[in-house]
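S.K.: Right, I'll just put the structure down here and ask away after.
The values are calculated or read from the model by the stated rules, or taken from the named source; none is laboratory data. Here the structure is a predicted model, which is why all the values come from computation and not from measurement. Glycine gets a Cβ as well: all are built from the backbone with ideal geometry, and neighbour counts include every protein chain shown. The accessibility values were calculated without ligands, DNA or RNA, using every heavy atom of the protein model including side chains. Shrake-Rupley method; radii C 1.70, N 1.55, O 1.52, S 1.80 Å.
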Amino acid sequence: MKSYLPFFLFIFVITACEPAPVDNELKDYPNAELLIDAEDLNALASEADVIVIDAREEPGDTIVPGSIHFASRSELVDPDHPIEQYLIGPDAFEIKMQEIGLSGNSRAFIYDSGNHLSSARLFYALEYYGFGNVAVLNGGIQGWLDASLPISDQHAEPGQGDFEVTVNEAVMCDFETVVAASTNENQVIFDARSAEEYSGDEVRAERGGHIPNAVNFEWNKVLENEGTPYYLPADSIQTMLKNFGITPDKEIITHCQSNVRGSHAYFTLRLMGYDSVRAYEGSWFEYGNREDAVIEN
């Protein structure tokens, strides 16, 4: 009788030597608590200490019931700052947040028209000024409507909050820091503008182009491009960031023209679990207008 034992031993050895398959797919956002869906927000909205903020400029009559209006894109601009569209200072921010009812023990949820730009701008300002218990509604008001949830035609009247600013300097940087980062292999400058702005074909300052060695990854690439602009799955975003060299082992500096899209990039990285992220608040409004700035096209 012929023995098959050597054959089976051969197969066993080959199989044992093969590495086990590794599942590198990221199933969920590492900081998933920063992004909330409409159904979950609806379940939480009436709880004590919860404040829902409508960050749109023109909310119309389609409003999440009980939400407070704060037009973040305009309200967060310091009209006296020499750099256009620069973030308001700590004293002004503290007053504005207290006026919309934000307190130290609040849980804040922000929504906008759907692309998360206005929400991310306020999210960034809140983190910079020391408030951490905040999340963004995925898909904004469009996500709320997709879920067929109740709507209102007017905002709630805010109470008086007691929020106090504690500036977190680690999440903002200036011109000199960006210049140094442009030659540092352990830092990545994340340019969230369009390809036309990056190349200098579209000029929005005295000069067009980009910061040397900056990586151009347009802010909206992480969103669905059809229908409601929900965030793409975590594994898709992870792959794109990795392909652009925007990896969590490096410090990432985000910017755009006025740090609105830069704030969106900041929020995306925070959502994806990046620990070392800061924004260049002056952005291209400063860099593109400085005579001493080195610019590439």
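S.K.: Tell me, yes or no, whether region 227-237 has at least one residue that is farther than 22 Å from SER119 by Cβ and under 22 Å from the mean Cα position of the chain (by Cα). Walk me through it before giving the result.
M.R.: As a first pass, look at region 227-237 and keep what is farther than 22 Å from SER119 by Cβ: 235.
Then drop every residue that is not under 22 Å from the mean Cα position of the chain (by Cα), which leaves 235.
Yes - at least one qualifying residue is present in region 227-237.
S.K.: Any residue at all in region 15-26 that's modelled with pLDDT under 90, open to solvent by less than 70 Å² (accessible area, probe 1.4 Å) and within 26 Å of LEU117 (Cβ to Cβ)?
M.R.: Yes, because at least one residue in region 15-26 is modelled with pLDDT under 90, open to solvent by less than 70 Å² (accessible area, probe 1.4 Å) and within 26 Å of LEU117 (Cβ to Cβ).
Okay, residues lined up against (1) over 26 Å from THR177 (Cβ atoms); (2) of a type in the set (Lys, Arg); (3) in contact with a helix residue (DSSP H, G or I) (Cβ under 9 Å, 6 or more places away or on another chain):
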{"residue": "LEU232", "(1), (2), (3)": "yes, no, yes"}
{"residue": "ASN243", "(1), (2), (3)": "no, no, no"}
{"residue": "THR247", "(1), (2), (3)": "no, no, yes"}
{"residue": "THR254", "(1), (2), (3)": "no, no, yes"}
{"residue": "PHE267", "(1), (2), (3)": "no, no, yes"}
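S.K.: What residue, among those in region 261-297 that are among the aromatic types (Phe, Trp, Tyr) and in a helix (DSSP H, G or I), is farthest from GLU197 (Cα to Cα)?
M.R.: Looking only at region 261-297, we keep the residues that are among the aromatic types (Phe, Trp, Tyr), and these are 266-267, 274, 280, 284-285, 287.
Of the ones still in play, those that are also in a helix (DSSP H, G or I) are 266-267, 284-285, 287.
Working: TYR266: 19, PHE267: 21, TRP284: 10, PHE285: 12, TYR287: 13 Å.
My answer is PHE267.
S.K.: In the set ALA45, ALA55, which member is touching a helix residue (DSSP H, G or I) at 6+ places or on another chain (Cβ under 8 Å) and of a type outside the set (S, T, N, Q)? Lay out the reasoning, then the answer.
M.R.: On the way: ALA45 fails: touching a helix residue (DSSP H, G or I) at 6+ places or on another chain (Cβ under 8 Å).
Going through ALA45, ALA55 in turn, the sole match is ALA55.
S.K.: Within region 189-226, take every residue that is within 20 Å of the chain's Cα centre (by Cα) and among the β-branched types (Val, Ile, Thr) and give me the one that is surrounded by the fewest Cβ atoms within 10 Å (Cβ to Cβ).
M.R.: Step by step, filter region 189-226, then rank; the result is VAL215.
S.K.: Another question, then. Touching a residue at least 24 places away in the same chain (Cβ under 8 Å), among the β-branched types (Val, Ile, Thr) and loosely packed, with under 14 Cβ neighbours inside 10 Å, is that true of THR183? Walk me through it before giving the result.
M.R.: On the way: touching a residue at least 24 places away in the same chain (Cβ under 8 Å): yes; among the β-branched types (Val, Ile, Thr): yes; loosely packed, with under 14 Cβ neighbours inside 10 Å: yes.
Here the answer is yes, as THR183 does meet what is asked.
S.K.: What pairs come up if the first residue lies in region 196-208 and is outside any helix (DSSP H, G or I), the second is of a type in the set (A, V, I, L, M), and their beta carbons are under 6 Å apart, counting only those six or more places apart or on different chains?
M.R.: Filtered contacts from region 196-208: ARG207/ILE295.
S.K.: Same structure again: Could you check how many residues of region 261-297 are surrounded by 20 or more Cβ atoms within 10 Å (Cβ to Cβ), among the aliphatic types (A, V, I, L, M) and either without any contact (Cβ under 8 Å) to a residue 60 or more places away in the chain or within 19 Å of ARG204 (Cβ to Cβ) (or both)?
M.R.: Number satisfying all stated conditions: 2.
S.K.: Please pick out the residue among SER258, SER236 that is open to solvent by 10 Å² or more (accessible area, probe 1.4 Å), outside any loop (DSSP other than H, G, I, E, B) and among the polar types (S, T, N, Q). Show your work before the answer.
M.R.: Values: SER258 fails: outside any loop (DSSP other than H, G, I, E, B).
Just a single option satisfies the conditions, and that option is SER236.
S.K.: Restricting to region 77-131, name every residue that is in a helix (DSSP H, G or I), farther than 19 Å from VAL277 by Cβ and open to solvent by 10 Å² or more (accessible area, probe 1.4 Å).
M.R.: Restricting attention to region 77-131, the residues satisfying the condition of being in a helix (DSSP H, G or I) are 90-99, 117-128.
When the remaining residues are screened for being farther than 19 Å from VAL277 by Cβ, the result is 90-99, 118.
PRO90, ASP91, ALA92, GLU94, ILE95, LYS96, GLN98, GLU99, SER118 - these are the residues of region 77-131 that are in a helix (DSSP H, G or I), farther than 19 Å from VAL277 by Cβ and open to solvent by 10 Å² or more (accessible area, probe 1.4 Å).
S.K.: Go through region 222-258 and give me each residue that's among the small types (Gly, Ala, Ser) and within 17 Å of ASN31 (Cβ to Cβ).
M.R.: Going through region 222-258, the residues among the small types (Gly, Ala, Ser) turn out to be 227, 234, 236, 245, 258.
ALA234, SER236 - these are the residues of region 222-258 that are among the small types (Gly, Ala, Ser) and within 17 Å of ASN31 (Cβ to Cβ).
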